[in-house]
Structures are given as C-alpha cells and as structure tokens.
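For reference, the structure discussed in these notes is given below.
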Amino acid sequence: SPETEASDVFEAEVNKTPRSKHWISLGSEKEIDEELLKETREKLMLKLRVDRIFRLPICFSDHNSADSKDSHLECASYQDSRFNIKKLQSDFGIQAVPKLQSNSTQTLRMVPKDAFTQYEPREFSNEELENILQDESLKNCCATQTPRILHALQQEEIMNVFIDDWKALGTGLEAGEWSGQVSDSLVLHQIFTNQKYSKDKKISCLNWHPTIYGVIAVALIKKKEEQTEESPLLVPRPAFIVFYSFSDSSNPQLLLECPDDILAFEFSPSNPNIIVGGCVNGQVLLWDISVHVTYLQAAHPGSKKAATNPDTFDLNDNGENKTPVVRFSAVSALETSHKAPITDVQWLPQTFEVTGMGLPVENKMKVSVQIATCSPDCTIRFWDVRLANLLIHTPLDRRQTDQKTPITACSIPETFKHLDRTWKPLFRVSLPKIDTKGEYVPLKFSFEHYTCSTEKDTENKWTENLPDYSQLRMPLTEKLKAMEDVNTKFFVGTESGEIVYTDWKLESDESGRPRSTKPLLCFNTHQWLVNTVQQSPFFKDIILTTGGWNFAIWKEGVMGGPLVVSQYFEQECTVGCWSLSRPAVFFIGKQDGSVEVWDLLKNSSEPLQLHAHISNTKITCMKPWVVSAKQHFLAVADDLGVLRVFEIPKTLYVPSRHESLSMKKYFELETENLKDYLRRKEIWTKQKKEVEELKKM
C-alpha cells in the first residue's frame, strides 16, 4: 500500500502457526529427525498503516468455518475510493470490420428509337457545268492567280514567312534575357514522309549529308508484324535508303537500292559520296553516288540550279518515275559475311589503319579505308575497301584497272568492282565471356577516334579533291610504322544489356593461331537491349549508353563502373545522342514517342525539358546537325516511318561560359565519388564477412 506523511509505519512478524494452547510434549519430537526440519519458506514482512489515533481497543470475534459455504471464507477485493492507480501501459486489440450496406436500384429501360438523316448534294447540270467552264472571267482569274499561288507556295517551302525577324535578332547569351525572345524548346521545322516507300515500314537509321545543306538519308525496314504476315508467295518489296531534302518534304530526291533491309549505314569521313551499309542478311554493301551529287545540290533551296521561274510551272507534271535509283557498287561474299543482321557499322578514322592482327599502323594516304561492323552472331569484323596487292599481277592488268569507263546515271559505278561478291573481312573479333562459357552478343560499339597533333586543324574539313577509292591499293604491312599511342580498346553494348570493355587486338595461342582476348570488364547496367553507345564529341573518354529503362555515362579508364546512372523510367529508352555544341547536353528518345533534353550542369536526376507529344509511337533514332553558328537541327525518326526535323533553340546550342571546363571538373568529381563508394563497399564486405565468421564460431 502507498505511504503517506500522516501515517506511522511499523513492522511485525507474523507466525504462520495457528494460535493454540501450551504444547505438551508426548515424545513425538524424538521420532522426527531434527536435521530434516528446516525453514524453506521465507517469512512474510507486512507493512501496516494505521491512523494517528492508534492503540484503540480492537474487537475480534470467532467465526466457524462450517457456517460458510463449502467451508470457505473469501475476502473479496474491493476498490478503494480514496486513491486511483493510473495505468502506464495497456494492451488491447482492435479488429476492423468493414461496414456492409445493401442497396438496390431499378433501371428503367428506354425504348430505342431510330434516328437518321438523309441528305443529297446539289449538283450542277451538264449544261450549267459547260457554261461555267466556258466563262471567260473564270479563265482569266485562274490564269492570273495561278502563278501568284505557285510563287507563294515556293516561298513557303524555301523559308518560314511567319517568323518574326525582330524577335529572332541576337546571337549572344544576353539575347535570352528579354521577354520577346523565341521559344526555348524544340521547334518543329519540317516533316518528311512518303507513302510509297514508308508505308508499313519504320526508320532504322538516319544520317545527315556531310556537305549538302538540308539533305538527310534514312533507311526504311519492314516491321516485325509485316515480316510475319507476309506470304512467301508474294514478291518482296525492294528495300531502299531514301534521301530527303528541305526543298521537297514529300518526294525523295535519291534512292539507294538494297538487296535486303538496312539496319545501319554511314557516310565515308574522307569522301561523302561513298556510303557503307549493313544488311539484315549479314552482308556489307558499298554505294557510290558521285554521279548524283549535282542532282542533290540542285535540290538545295539556295543553289543557283534550284532557282526556277515561278511562272513556268507545269501543272500536268505528276512527278512520277523521276527519282533516280542507285544500285550498290559492291556486296560482301555471303559465305564470309555475318550470320546475323548487322546492327552497327562505322568507318575507322583516316588517321590510322589496322593489320590482320588488329595492330594499328600509320595511314600514309590519310583516307578512311577500313570499316568495322558488329552483329548478334557474337563477332565484330573489320573490312578493307582497297584492292589487295596480290590481285595485281601484271602491268597490263594494272592498266585495265586504271582505265575508267564512262559512268552514266543508269549504269552501276565500278568504284568497288574488285570487291563485288568476293569481299572478305580483314579479321574478326569475338567476345568470350569473362567468368563463364559462351560469348557476348554485340549490338552497338564505339571506339576512340584517334587524332594526330598535326591533323587537329584540318580535321572535319573536306578537301576539294576527293579520293578515288578505285585507285587505292593495300600497302605491305612490313613497310608501315606501328602506332603504339592508338587506343585499341572500345566499348560494346550487348543484347542482354551488358556494357563490355574489350580490346580488338588479337593474340596468338599456343599453336600460333590468332584469337581474341577476354574483355577487361563487363557491367550489367541495362536490363534490355543496348541501342546506343556513343562517344562524346568534346571528351574522347566519355561514353553515353542507353538501353532498357535507363541510361548511363561511362569514363574510359575507370574500371569500377559508370559515373552516372539514371533511375529506371516507366518508358523504355530507345535512343540517345550527344549535343554537338554543348558538352553538358544530350537527348534521350523514349518508347512512348517523347524526347527528353538533359543538362548535367543544371540537374543530373531530372530532364531539363520534356517533349511528350512528338510522335504516337516509339522514337527509333536521332541525329543532330550543325548548319552554322546560328542554326542547329535535330532529326527525329519514329516507328511509323515519319522523319521530323526540329530546330534547336539558342538556350540548348549556345554553351555557357567555361562549360567544357565545368564538365571536366564534373566528371572528375564523379570519378572520385565512385572510387570512394567502391572503397566503402569493400570495407562493408569485409565487416560482413567478419560478422558471419564470428557467428559460426
């Protein structure tokens, strides 16, 4: 019981033996062993509280236990009203039962009634039509207004007549500070589509023409649904690479004939008239469009050849059968080609070339003559477009090869006649897995474009005298100087979402046969097909990769993993590309047809801009293009065969002050953060192992 200040407390020992008379010994205690009699129960200590008025007489009375029920007298507890005990903790349970409610309703059935409207157009009679067509005022109106309308349509195709020239003034960063500036987001410039060639097809690859303004080439392939539904009895439709021009958005300017669908193609860095492409059947193709360059240049809106008199338009011209078709000059041998579709093709830079063992040597001609291709057949193959020295036996044969036949628009160029259907790869590189058996399945790759110190000023400048590939010969390997400073390591994106870092140089095994080395590292960063592996145009060791539902940025030489990895998005990332003018900006295309603009200096976790309604289907490929210091374009292709060209605003192509230096520091900081994270991770794993060993002991 609780203690109070007004009460006295005393202690008393209570003997458990009942009260009785004086005990008389009869000798029974002798029969009991005294050692067995021990106190085992503790004595009770009672604290009794009495009022201040104590030592009062107390009256006790005897009570017979036989008078109680079951010979048991219970002293029941009762609640003392003088004080309360507060519960500090209480355990109780609650069960939530949903409230059930039963309702009923009755729907009145409405009797349907037929509602219809019938209309009939009002038509002129034959006599009225003849009178109207013979009216001299109508003829005079058409004759005077038709040239004006055609002239206005031509002006609208050449330039945007609705643009505000006053708002477009200003080229510096200060121009974006006033409220009258143009939009800061992507602006649609032009749309290209043609039902004859793009119906039921999608765009697999696109490239801007390196020298001709407003000319862009796209590769159209059949969709997977169309391939499965196509009957084997039907004649397959031919595949083309279509050239579009800003001067005519609906009609193609040039067609490159292909034996099968093309998944990747690229213009030669040394001669823009030479194009290489990778076919679905695994063959490599070469085209020469030298004859049709003047035709493409005539399509340029600012060209003198394109200037025509608006009063001399032919209204009866339907424009059919006027698109020139260029047949491929050479195709690789089927037995030595890839065994699966070629998913990526790239020209080696003109600063070096490789031998049959993958050793980089000097390129005395300074012409891009070698090509690298990859395919899901687990190989990356290198090709050379020059004529081998073994094929030239006599001076007579050399004279015959040097003699050029006149090439017309209908003939097939003989630039690569020596390669047609006999072309074989120089060497091939396989990708064996690091820890297990099997090989990686490559889809995209990117290698460092080596530049000499003497070539930096002349890089990306086209010479007037373009090289003639038909006159190029393969030199003897022994006479070429090896270039040890060329980086032969490159990044590869696989079918399973891995990013593999490997070397293309071959090594000899015990028997002396060349074999591929095992990759240096492999990270499963993307959970699905890798569709982009692209080197930054400003930093040769920075790589952008997209695949699955995220993107990543890598730095060559950092073996711990990617520097930047995005979160997993709801929509799949289908393509990505760097900006050509700003080191911190890149573009990401999504499965739902949206395009995101990212700026790493402003925010690395969220996009700077989101263009959600560019297309109704997925974005298949994107390529930026710099026309001048004041005009930048971004070409976006979708799964419906439609090509859209957007004009990039100044805020996205004018770099900020010291942006390149800021990005360099940003990548250095991310590298240090990654090393610190790996160091901490190693410590955590050691501590975890020590804890597990202690538990086992």
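What's the Cα-based Rg to Rh of the stretch 518-573, Rh via Kirkwood?
That ratio is 0.96, to two decimals.
Against the empirical 2.2 N^0.38 Å scaling, what ratio does the C-alpha Rg of the stretch 333-377 come to?
Cα-based Rg divided by the globular estimate yields 1.34.
How far apart, in nm, are two points set 7 Å out from the Cα along the Cα-to-Cβ line at Asp62 and at Lys433?
Using points 7 Å along Cα→Cβ, the separation is 9.9 nm.
Once fully extended, how much extra length lies between Met357 and Glu478, figured as 0.36 nm per residue of separation less the alpha-carbon to alpha-carbon distance?
Extending this stretch completely gives an extra 42.3 nm.
Taking the Cα atoms of the stretch 500-609, report the difference between the largest and smallest coordinate on each principal axis, in whole Å and largest first.
Extents along the principal axes: 57, 27, 22 Å.
In nm, what is the difference between 0.36 nm times the number of residues separating Tyr295 and Ser656 and their Cα-Cα distance?
Result for the pair: 126.0 nm of gain on full extension.
What full-extension length gain, to one decimal in nm, is calculated for Thr617 and Lys113 as 0.36 nm per residue of separation minus the Cα-Cα distance?
Extending this stretch completely gives an extra 177.4 nm.
As an exercise, use a Förster radius of 60 Å and the Cβ-Cβ distance of Asn126 and Glu507 to find the FRET efficiency, rounded to the nearest 0.05.
Taking R0 as 60 Å, the efficiency between Asn126 and Glu507 is 0.10.
Could I have the simple spin-label model distance between Lys366 and Glu156, label points 7 Å from Cα toward Cβ, reported in nm to one decimal?
Distance between label points: 4.9 nm.
Along the Cα→Cβ direction, 7 angstrom out, place labels at Phe92 and Asp541. What is the inter-label distance in nm?
6.9
State the three equivalent ellipsoid semi-axes of the stretch 586-671, derived from the C-alpha gyration tensor as the square roots of 5 times its eigenvalues, in descending order and whole Å.
For the stretch 586-671, the semi-axes come out at 26, 17, 10 Å.
Please list, by residue number, every one of the trypsin sites (Lys or Arg not before Pro) in the stretch 631-697 that is coil in DSSP and has at most 13 other beta-carbon atoms within 10 Å.
Arg657
With +1 on the Cβ of every Lys and Arg and -1 on the Cβ of every Asp and Glu, and nothing else charged, how large is the dipole of the stretch 616-691 about its Cα centre, in debye rounded to the nearest 20?
The dipole of the stretch 616-691 has a size of about 260 debye.
Each value in this text was obtained by applying a stated rule to the coordinates, not by laboratory testing. Quantities reported herein were computed from a predicted structural model and do not represent experimental measurements. Here the Cβ is made from the backbone with ideal geometry for all residues, glycine too, and neighbour counts use every protein chain on show.
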